[in-house]
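A.B. asks: Right, I'll just put the structure down here and ask away after.
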There are 4 protein chains.
Amino acid sequence: MIIVMKNENAAQNLAKALDTHNPIKPVFVHQNRIGLAGVKQIDDAQLADFKDDVVEVITNHHGAIKSSRDFHPEDTIIKTKHSIIGGDHFVFMAGPDSIESAEHVLEMGKDVQLAGATILRGGAFKPRTSPYSFQGNGEDGLKAHRQAADTLQMDMVTEILDTRDVDLVDQYTDIFQVGTRNMQNFALLKALGQKNKPVVLKRGMSATIDDLLNAAEYIAAGGNDQIILMERGIRTFDNKYTRNTMDVSAIPVLKSLTHYPVIADSSHAAGVSKFVEPIGLAAVAAGAQGLMTEIHDHPKEAFVDGAQALTPEQFKQLADKVRRVRTAIQ
Amino acid sequence: MIIVMKNENAAQNLAKALDTHNPIKPVFVHQNRIGLAGVKQIDDAQLADFKDDVVEVITNHHGAIKSSRDFHPEDTIIKTKHSIIGGDHFVFMAGPDSIESAEHVLEMGKDVQLAGATILRGGAFKPRTSPYSFQGNGEDGLKAHRQAADTLQMDMVTEILDTRDVDLVDQYTDIFQVGTRNMQNFALLKALGQKNKPVVLKRGMSATIDDLLNAAEYIAAGGNDQIILMERGIRTFDNKYTRNTMDVSAIPVLKSLTHYPVIADSSHAAGVSKFVEPIGLAAVAAGAQGLMTEIHDHPKEAFVDGAQALTPEQFKQLADKVRRVRTAIQ
Amino acid sequence: MIIVMKNENAAQNLAKALDTHNPIKPVFVHQNRIGLAGVKQIDDAQLADFKDDVVEVITNHHGAIKSSRDFHPEDTIIKTKHSIIGGDHFVFMAGPDSIESAEHVLEMGKDVQLAGATILRGGAFKPRTSPYSFQGNGEDGLKAHRQAADTLQMDMVTEILDTRDVDLVDQYTDIFQVGTRNMQNFALLKALGQKNKPVVLKRGMSATIDDLLNAAEYIAAGGNDQIILMERGIRTFDNKYTRNTMDVSAIPVLKSLTHYPVIADSSHAAGVSKFVEPIGLAAVAAGAQGLMTEIHDHPKEAFVDGAQALTPEQFKQLADKVRRVRTAIQ
Amino acid sequence: MIIVMKNENAAQNLAKALDTHNPIKPVFVHQNRIGLAGVKQIDDAQLADFKDDVVEVITNHHGAIKSSRDFHPEDTIIKTKHSIIGGDHFVFMAGPDSIESAEHVLEMGKDVQLAGATILRGGAFKPRTSPYSFQGNGEDGLKAHRQAADTLQMDMVTEILDTRDVDLVDQYTDIFQVGTRNMQNFALLKALGQKNKPVVLKRGMSATIDDLLNAAEYIAAGGNDQIILMERGIRTFDNKYTRNTMDVSAIPVLKSLTHYPVIADSSHAAGVSKFVEPIGLAAVAAGAQGLMTEIHDHPKEAFVDGAQALTPEQFKQLADKVRRVRTAIQ
């Protein structure tokens, strides 16, 4: 339940009165709004003393509280050292699928930076379908990635797979990434809720919009509001020609329901390099506030997912078109 | 199987030799290419006399023949009285969901024409989920629709539901439309294959890309090559906030596999007017060669599907943005 | 809206008063129950004179009227010349996918009859994904099928694809079948609503339960209440090992919502003969009131869908197990 | 790649020669069979010395190695203190969704044991969609659960959500359970691969059969072959009347591809208690080797998922029917 009060002061006062010290059902305040987690009804008696200050009681907002636009109407804007994410800003996150070597990630970083990327992506811990596939270079990968980001003055984003690795990865990265297979790894989400660092949360392959917002809420409930939601394609009945089905509708839907930035990953949605550009442009035209893209200078030799990697040249062309589409839809 | 020959003459000669007069497995010729329907292997002996003229034998093309780019590499461009569809052209098809009255469809036609539409859409036979919902105004609707199109010098497109109505609808319309629920109504597709008039073929809610191409092939096999494919959203696990899931990936995929024009209907994909624009722009950014849009001056009073109708003003704004996105992606 | 009256007489009286002569929104009566099609609210004034006779006004029944258990609480039982379908009865419909010859369908009929089938299935008009696949033997097939059914004293069920063929097929068959691709071919459903003959209505590949009930309602609204619903597998993200996903849940769900018999087709659900038995037994354990099964004495030479055909011996084994499972779940 | 050798000795010899000491691509031996993880081709030269002992080289087995029937043809049978799982044995796992109190779990345990269950289920760590829902009683829950199991001489199975809890849960439980949302939490699977204790692995909501087998392989690759696969309903377009779509086909498919026991959870598939029985019986008729069922004496007051809980009486009736169906299908 969300209660809109006359002003911030009134909100603080009511919140204090309502606070139940129940860790499962906390009371949140944002400006003149109060969010009552897990509460669907409230006694009139409880509001009696504050009656004149209550503007509106909203019970039919979507499932989550802190992630709801009804609780937090204005866009969340996240500032990292080298990037601004959300609102009218647009961000490119690009880089290799996995960190292959210090030289390679640096080389790739230079290329994507030239095309406009400010965030260097790359995986050190890779969630592979088979245990017999390359699982990533681990801490060595993190180190190489960090070094490249520092050299280039870019932000670093990398995936985290295990609650036990949160502190390790935290030592290196600027932005955590939670992958599609872990979107409902609630232990991991809770652990990231304790960190004061942005988290890119990828939508699960069969996660509904509400599932995604609730997953974000796990992070937010812990106190970390720097959340970036990512649409990356869902699983449907048709996957012969593309790996997943980019659900572009999710982008405007999410933007209407939540204040968190919404970005897209057309590399994983497409799964085939020749469709990464049109699908990426579609996401941007639908309102995505950023794009994550996998690149590789020699896609056929990539350790992971080469088939979907753009070459640096292809990425530059995509980035140019993205900027033009951004202008076109304003 | 598709056989590429040295030149058109050689293709004609081989085709004559191969022709089996089997109505189920016809032999098609397009320029220097031969399409052997339903044939996966061919005796070397059959090709022996023509060996020197054979450039390539393609067996791994996608399921259909006439619809395949391997058979017909260049874009099909369809010309109606007032429109050019396909290739680098872009077409707006717009109008009310159902034809409500002669005055109303004319009024709506004026509005969409002002915004750039050359094709006036409207339903006289409505495929409704429930038998107790308004089923359309039938032949009266066709007449009013025809009259409005003539007055405005626009093309008319309308849905056909029943093989028994093909000749009736043919008397009025410029373009037939086959709806999502009839995409595999093979009797209807065959009947339209006998007509010399464009057909808009909407993708079925759970039709794969291959299903859609095979449905098109039913029309093409009958001799009618004026086919326009339409992506209109598929059915997935998530339909709380939108009616369907617009599968933008299908657009570049189809354009790579087939030469027929590919357009999109973001009204039915969204199901909610506020998402019709971003989803429509996404389809255009993905490469759609046209957009079909439902409009209504008083959406709340529309006979059918008012929730997803744009007002004329909203449609004008969409059309303007579409033109800008088209420029942006070139 | 469904209104339960004190008794049949009261229902007839109120129905007469309410009848609007609106063909789209008819008033139905079944025993002491009135179904008001397409009506969600009713003026108290309209019920005023009959107030004492009204037991209950049901507005939250599922979408359809005549197909609803709230309108027709007891099971519909359909009697054909040789079979009883519905209620506690169980029916086997079996035979070849397509009618290949008079001899072959007779042979297959003998085999399935020995195993307990009373209804001989077979297709004369085949809905094939590709126009270049065998399309069925047409009227010759119908004749052979009829002859075999007569010889064996079995009922005949065959698929109808085209409204123009309804009278032709009607001359031969005992039971019409509407296939998955035509479940929402409303023109066809309406035409069958005018016949006084059972219709097997197969669920569409992506049809919801409500879609299926509304499709049945198209037949029922026309006056034909002899409807048999069939679950045959839906389209999902996983179709590597089976052709479709048998949705066994649909069986008890449908039986709770509607009074029409619910049967299952595990041949098309499986798509592979070795899974036809376990999936068929699952459907029976879930409460299916009949099973449709494809058989062939030489599956590899079958004109259509040989991969999923059981041999007569396999069918006999399945039928024996089905009878045992039926007993087990009572 | 799987290589079948003449005998066990020959297999050991070849395995020794092939062993690459590559932790990502280990060499496994089972009786006379060798599994080469992540290997798709092998030099003839490498086999030259053992040529006469090679019976068959299988390259087209499904993705995983240790989980493949081609590597391990006979059923895996898992023995716990009080249960035998797999082969021709059938196991009931039942109990409350969450452990509410020591008294309650003991009470529920008594009830399910009377009906034939040997394994007592219950959650101490609950994966809830919302962070504001009850998250389980944690270690107190584990203790109460353990105590009840000991008192009743039953096995205990409980869900594990976090790699950091593996050792804690290991102190209490007899069988680990990995839930649908963690099926591809590879860090957790690897951690469980290090334990010498059975693991129930629930299929992810949109996991393909191959995904599930590969997830199992993560556990197996670590050395733990006591894996029990569970079908619990997948996510499809239709979820109005049931929570998920029980994919019964997966059961015979899995049994044909892998040697691990395959069980089903009809409580989560149904989501509504009245459909738990028919869907459960369907799973058993399809060949499931066990059933997991949620029960509660006062479903409406259950802490979690009361809507889908059977009462002890309902469970007893289900268990009786299950035993009869088991006999029926033999």
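A.B. asks: Does C:Lys240 count as over 16 Å from C:Val178 (Cβ atoms), among the charged types (D, E, K, R) and at pLDDT 95 or above? Can you show your working first?
C.D. replies: Values: over 16 Å from C:Val178 (Cβ atoms): yes; among the charged types (D, E, K, R): yes; at pLDDT 95 or above: no.
Taking the combined requirement at face value, the residue does not satisfy it.
A.B. asks: Shifting gears a bit: Tell me which residues, restricted to the range B:20-57, are of a type in the set (Asp, Glu) and under 28 Å from B:Asp75 (Cβ atoms). Before the answer, list the steps.
C.D. replies: Here is the first cut: in the range B:20-57, the residues of a type in the set (Asp, Glu) are B:43-44, B:49, B:52-53, B:56.
Hits for the range B:20-57 are B:Asp53, B:Glu56.
A.B. asks: In this structure, is C:Ala207 crowded, with 24+ Cβ neighbours inside 10 Å and outside any loop (DSSP other than H, G, I, E, B)? Steps first, please.
C.D. replies: Numbers: crowded, with 24+ Cβ neighbours inside 10 Å: yes; outside any loop (DSSP other than H, G, I, E, B): no.
No: the conditions fail for C:Ala207.
A.B. asks: Would the range A:166-181 turn up any residue that is within 12 Å of chain D (Cβ to nearest Cβ), acidic (Asp, Glu), under 13 Å from the mean Cα position of the chain (by Cα) and over 30 Å from C:Asn244 (Cα atoms)?
C.D. replies: No.
A.B. asks: For the range A:219-248: of the residues being small (Gly, Ala, Ser) and farther than 14 Å from B:Asp238 by Cβ, which is farthest from the other protein chains (Cβ to nearest Cβ)?
C.D. replies: Selected residue: A:Gly223.
A.B. asks: Can you name the residue in the range D:279-296 that is within 13 Å of another protein chain (Cβ to nearest Cβ) and under 14 Å from the mean Cα position of the chain (by Cα) and, of all such residues, is surrounded by the most Cβ atoms within 10 Å (Cβ to Cβ)?
C.D. replies: Of the residues in the range D:279-296, the ones within 13 Å of another protein chain (Cβ to nearest Cβ) are D:279-289, D:291.
Right, trim to under 14 Å from the mean Cα position of the chain (by Cα) and you get D:288-289, D:291.
Numbers: D:Ala288: 32, D:Gln289: 25, D:Leu291: 26.
Among those residues, the one meeting the criterion is D:Ala288.
A.B. asks: Within the range C:272-321, how many residues are of a type in the set (Gly, Ala, Ser), at pLDDT below 95 and in contact with a helix residue (DSSP H, G or I) (Cβ under 8 Å, 6 or more places away or on another chain)?
C.D. replies: Count: 2.
A.B. asks: Looking at the range D:254-278, which of the residues that are of a type outside the set (A, V, I, L, M, F, W, C) and out of contact with any strand residue (DSSP E or B) (no Cβ under 9 Å at 6 or more places or on another chain) is farthest from the other protein chains (Cβ to nearest Cβ)? Explain how you work it out, then say what you get.
C.D. replies: Of the range D:254-278, the ones of a type outside the set (A, V, I, L, M, F, W, C) are D:255-256, D:258-261, D:265-268, D:271, D:273-274, D:277-278.
Within this subset, residues satisfying the condition of being out of contact with any strand residue (DSSP E or B) (no Cβ under 9 Å at 6 or more places or on another chain) are D:256, D:271, D:274, D:278.
Details: D:Ser256: 7, D:Gly271: 9, D:Lys274: 7, D:Pro278: 4 Å.
Only one residue fits best here, namely D:Gly271.
A.B. asks: Could you tell me whether the range C:141-155 includes any residue that is in contact with a His (Cβ under 6 Å, 6 or more places away or on another chain), assigned by TED's automatic domain parsing to the domain that holds C:Ala319 and of a type in the set (A, V, I, L, M, F, W, C)?
C.D. replies: Yes.
A.B. asks: Something else: If I ask for residues that are in contact with a Gly (Cβ under 6 Å, 6 or more places away or on another chain) and touching a residue at least 24 places away in the same chain (Cβ under 8 Å), which ones from the range B:126-153 would you list?
C.D. replies: Scanning the range B:126-153 gives B:Lys126, B:Pro127, B:Gly136, B:His145, B:Ala148, B:Leu152.
A.B. asks: May I pose another question? Go over the candidates D:Ser273, D:Ser266 one by one and state the one that is assigned by TED's automatic domain parsing to the domain that holds D:Val91, crowded, with 24+ Cβ neighbours inside 10 Å and either hydroxyl-bearing (Ser, Thr, Tyr) or touching a residue at least 24 places away in the same chain (Cβ under 8 Å) (or both).
C.D. replies: On the way: D:Ser273 fails: crowded, with 24+ Cβ neighbours inside 10 Å.
Of D:Ser273, D:Ser266, the one residue that is assigned by TED's automatic domain parsing to the domain that holds D:Val91, crowded, with 24+ Cβ neighbours inside 10 Å and either hydroxyl-bearing (Ser, Thr, Tyr) or touching a residue at least 24 places away in the same chain (Cβ under 8 Å) (or both) is D:Ser266.
A.B. asks: Also: Within the range A:1-51, which residues are over 18 Å from A:Gly223 (Cα atoms) and of a type in the set (Phe, Trp, Tyr)?
C.D. replies: Residue satisfying the conditions is A:Phe50 alone.
A.B. asks: Can you find, within the range A:61-116, the residue that is farthest from A:Leu257 (Cα to Cα) among those that are of a type in the set (S, T, N, Q) and away from chain D (no Cβ under 14 Å)? Break it down into steps so the answer makes sense when it comes.
C.D. replies: The first filter runs over the range A:61-116 and keeps only residues of a type in the set (S, T, N, Q), leaving A:67-68, A:76, A:80, A:83, A:98, A:101, A:113.
Filter once more, so that each one left must be away from chain D (no Cβ under 14 Å): A:76, A:80, A:83, A:101, A:113.
Details: A:Thr76: 13, A:Thr80: 24, A:Ser83: 24, A:Ser101: 40, A:Gln113: 32 Å.
This residue is A:Ser101.
A.B. asks: Sort through B:Gln41, B:Gln31 and tell me the only one that's over 30 Å from B:Val272 (Cβ atoms), touching a Ser or Thr at 6+ places or on another chain (Cβ under 9 Å), surrounded by fewer than 18 Cβ atoms within 10 Å (Cβ to Cβ) and polar (S, T, N, Q).
C.D. replies: Details: B:Gln31 fails: touching a Ser or Thr at 6+ places or on another chain (Cβ under 9 Å).
Just a single option satisfies the conditions, and that option is B:Gln41.
A.B. asks: Moving to a separate point now. Inspect all residues belonging to the range A:313-324 and state whether any of them is over 20 Å from A:Met156 (Cα atoms), within 20 Å of the chain's Cα centre (by Cα) and assigned by TED's automatic domain parsing to the domain that holds A:Thr118. It would help to see each step written out before you state the result.
C.D. replies: Restricting attention to the range A:313-324, the residues satisfying the condition of being over 20 Å from A:Met156 (Cα atoms) are A:313-314, A:317-318, A:320-324.
Add one more test, that the residue is within 20 Å of the chain's Cα centre (by Cα), and what stays is A:322.
Next cut, assigned by TED's automatic domain parsing to the domain that holds A:Thr118 only: A:322.
Looking for residues that are over 20 Å from A:Met156 (Cα atoms), within 20 Å of the chain's Cα centre (by Cα) and assigned by TED's automatic domain parsing to the domain that holds A:Thr118, one finds at least one in the range A:313-324, hence yes.
A.B. asks: I've got another one for you. Filter the range A:301-330 down to the residues that are within 14 Å of chain B (Cβ to nearest Cβ), aliphatic (A, V, I, L, M) and part of a loop (DSSP other than H, G, I, E, B) and list them by number.
C.D. replies: The one that is within 14 Å of chain B (Cβ to nearest Cβ), aliphatic (A, V, I, L, M) and part of a loop (DSSP other than H, G, I, E, B): A:Ile329.
A.B. asks: Turning to a different aspect of this structure: Return the residues of the range C:154-164 that are touching a residue at least 24 places away in the same chain (Cβ under 8 Å) and facing another protein chain (nearest Cβ under 8 Å); say none if nothing qualifies. Before the answer, list the steps.
C.D. replies: Restricting attention to the range C:154-164, the residues satisfying the condition of being touching a residue at least 24 places away in the same chain (Cβ under 8 Å) are C:154-163.
If the condition is that a residue be touching a residue at least 24 places away in the same chain (Cβ under 8 Å) and facing another protein chain (nearest Cβ under 8 Å), then C:Leu161, C:Asp162, C:Thr163 are the ones that fit.
A.B. asks: Any residue at all in the range D:205-215 that's within 12 Å of chain A (Cβ to nearest Cβ), farther than 30 Å from D:Asn22 by Cα and at pLDDT below 95? Lay out the reasoning, then the answer.
C.D. replies: In the first step, residues of the range D:205-215 are kept if they are within 12 Å of chain A (Cβ to nearest Cβ); the result is D:205-208, D:210-215.
From what's left, farther than 30 Å from D:Asn22 by Cα: D:205-206.
Right, trim to at pLDDT below 95 and you get none.
No.
A.B. asks: Restricting attention to the range B:119-145, and to residues there that are more than 18 Å from C:Ala187 (Cα to Cα) and touching a strand residue (DSSP E or B) at 6+ places or on another chain (Cβ under 6 Å), which single residue is surrounded by the fewest Cβ atoms within 10 Å (Cβ to Cβ)?
C.D. replies: B:Ile119
A.B. asks: Looking at this structure, is B:Ala191 buried (at least 24 other Cβ atoms within 10 Å of the Cβ), within 13 Å of chain C (Cβ to nearest Cβ) and farther than 30 Å from A:Thr208 by Cα?
C.D. replies: On the way: buried (at least 24 other Cβ atoms within 10 Å of the Cβ): yes; within 13 Å of chain C (Cβ to nearest Cβ): yes; farther than 30 Å from A:Thr208 by Cα: yes.
Yes, satisfied.
A.B. asks: Condition check: within 29 Å of D:Gly38 (Cα to Cα) and either within 9 Å of chain A (Cβ to nearest Cβ) or touching a residue at least 40 places away in the same chain (Cβ under 8 Å) (or both). Does D:Ile251 satisfy that? It would help to see each step written out before you state the result.
C.D. replies: Values: within 29 Å of D:Gly38 (Cα to Cα): yes; either within 9 Å of chain A (Cβ to nearest Cβ) or touching a residue at least 40 places away in the same chain (Cβ under 8 Å) (or both): no.
When the stated conditions are applied, D:Ile251 does not pass them.
A.B. asks: Okay, next question. Return yes when A:Thr180 is in the same structural domain as A:Pro96 (by TED's automatic domain parsing), in contact (Cβ under 8 Å) with a residue 24 or more places away in the chain and crowded, with 21+ Cβ neighbours inside 10 Å and no when it is not. Can you show your working first?
C.D. replies: Details: in the same structural domain as A:Pro96 (by TED's automatic domain parsing): yes; in contact (Cβ under 8 Å) with a residue 24 or more places away in the chain: yes; crowded, with 21+ Cβ neighbours inside 10 Å: yes.
Considered against the rule, which asks whether it is in the same structural domain as A:Pro96 (by TED's automatic domain parsing), in contact (Cβ under 8 Å) with a residue 24 or more places away in the chain and crowded, with 21+ Cβ neighbours inside 10 Å, A:Thr180 comes out as yes.
The values are calculated or read from the model by the stated rules, or taken from the named source; none is laboratory data. These numbers were taken from a predicted model, which means no experiment stands behind them. Neighbour counts are summed over all protein chains in view; Cβ atoms, including those assigned to glycine, are modelled from backbone coordinates with ideal geometry.
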